[in-house]
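Okay, so here's the structure we're looking at.
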Amino acid sequence: MKKITSSHNPMHIVTTEPVISAQNLNHYFGEGTLRKQALFDINLDIYSGDIIIMTGPSGSGKTTLLTLMGGLRSAQEGSLKILGQEMCSASKKQLRDVRRQIGYIFQAHNLMTFLTAKENVRMSLELHDEFLNQDMDAKAISMLESVGLGNRADYYPDSLSGGQKQRVAIARALISQPKIVLADEPTAALDKKSGRDVVELMQKLAKEQGCTILLVTHDNRILDIADRIIYMEDGHLISDGVDAAAKVG
Ligand SMILES: Nc1ncnc2c1ncn2[C@@H]1O[C@H](COP(=O)(O)OP(=O)(O)OP(=O)(O)O)[C@@H](O)[C@H]1O
């Protein structure tokens, strides 16, 4: 738990639970003699509104940890709480309920090629009952406007640039106002300028919505957008904090 000052009254101290909390978390792949440990004793508390970059060499366990924290795979050993729900031994339904509160952005934007930009963004709203009575088209267009693509709403992904596609993916991830957004190498397929634009946009929207962003990257050029950098090696969390950037540099 950490103490924060309320934005309404800076003198008023409130306590807040972490949105994600891992304790003594271990993870293994394979079985029998092929069983291999991928994560070792991970302890981590992540709070609302922070942008967290996870970095480290290839094979160090970043994606494994990210997918666990996104409810995309079941946690096996230790404790992992996401938005208050324990993920160790969680049922499929509990995993699904947690996933509905999370937005996902991947390296390959994973847009549906047969849907327009607007339809791709709208689809994300259709998965949430609470938006069913709202004007989803208007919401999708307004979200596309906020990522600078109001004039591309009726374009299909094939006629958009890599950076534009990634911005549609951001609009799709953020439109349902998730509490957590996971991004796996969101700039990997982009040139320097588009990559920068994309992460700055994620940063701006996340701060506006107060959501937590967990971002895995090898891209050292974007480390400065992080509130916190988690550095991993061989399945261990080696350092955690703003000074972790020094290890990467
Ligand atoms: N599905 C799987 N089955 C078996 N082993 C796996 C599986 N996924 C990952 N691993 C192993 O777990 C370890 C951590 O992999 P992970 O993908 O989490 O690393 P990473 O830090 O994300 O790497 P990269 O930067 O290359 O994406 C590696 O040794 C990898 O070989």
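When the criteria are applied in full, Ser21 meets the requirement of being more than 12 Å from the ligand (Cβ to nearest atom) and either modelled with pLDDT of 90 or more or among the aromatic types (Phe, Trp, Tyr) (or both).
One residue stands out in the stretch 190-217 among those that are closer than 19 Å to Glu145 by Cβ and aliphatic (A, V, I, L, M): the one that is surrounded by the most Cβ atoms within 10 Å (Cβ to Cβ), namely Met202.
Being surrounded by 18 or more Cβ atoms within 10 Å (Cβ to Cβ), within 15 Å of Val19 (Cβ to Cβ) and either away from the ligand (no atom under 15 Å from the Cβ) or over 16 Å from the mean Cα position of the chain (by Cα) (or both) narrows it down to one residue among Gln101, Gln85; which is it?
Details: Gln85 fails: surrounded by 18 or more Cβ atoms within 10 Å (Cβ to Cβ).
One residue alone meets the criteria, Gln101.
All conditions in (1) under 28 Å from Asp137 (Cβ atoms); (2) within 14 Å of the ligand (Cβ to nearest atom) hold for Ser194, with the sole exception of (2). Return a yes/no flag: does the stretch 131-144 have any residue that is touching a residue at least 40 places away in the same chain (Cβ under 8 Å) and surrounded by fewer than 18 Cβ atoms within 10 Å (Cβ to Cβ). Looking for residues that are touching a residue at least 40 places away in the same chain (Cβ under 8 Å) and surrounded by fewer than 18 Cβ atoms within 10 Å (Cβ to Cβ), one finds at least one in the stretch 131-144, hence yes. Within the stretch 74-89, can you find the residues that are closer than 22 Å to Thr212 by Cα and assigned to a loop (DSSP other than H, G, I, E, B)? Within the stretch 74-89, Ser74, Leu83, Gly84, Met87 qualify. Of all residues in the stretch 216-239, those that are in a helix (DSSP H, G or I) have Cβ atoms under 9 Å from Cβ atoms of residues that are within 11 Å of the ligand (Cβ to nearest atom), 6 or more apart or on another chain, in Asn220/Thr55; Leu223/Thr55; Leu223/Thr217. So, in the stretch 177-215, of the ones that are without any contact (Cβ under 8 Å) to a residue 40 or more places away in the chain and of a type in the set (D, E, K, R), which residue ends up farthest from Thr67 (Cα to Cα)? Per the stated criteria, the residue is Lys193. Surrounded by 14 or more Cβ atoms within 10 Å (Cβ to Cβ), of a type in the set (A, V, I, L, M, F, W, C) and over 24 Å from Gly59 (Cα atoms): does that describe Ala171? Considered against the rule, which asks whether it is surrounded by 14 or more Cβ atoms within 10 Å (Cβ to Cβ), of a type in the set (A, V, I, L, M, F, W, C) and over 24 Å from Gly59 (Cα atoms), Ala171 comes out as yes. Among the numbered conditions (1) away from the ligand (no atom under 16 Å from the Cβ); (2) modelled with pLDDT of 95 or more, the only one that Asp41 does not meet is (1).
The values are calculated or read from the model by the stated rules, or taken from the named source; none is laboratory data. Every value quoted in this text rests on a predicted model; they were computed, and no experiment measured them. Note: ideal-geometry Cβ built from the backbone for every residue, glycine included; neighbour counts use all protein chains shown.
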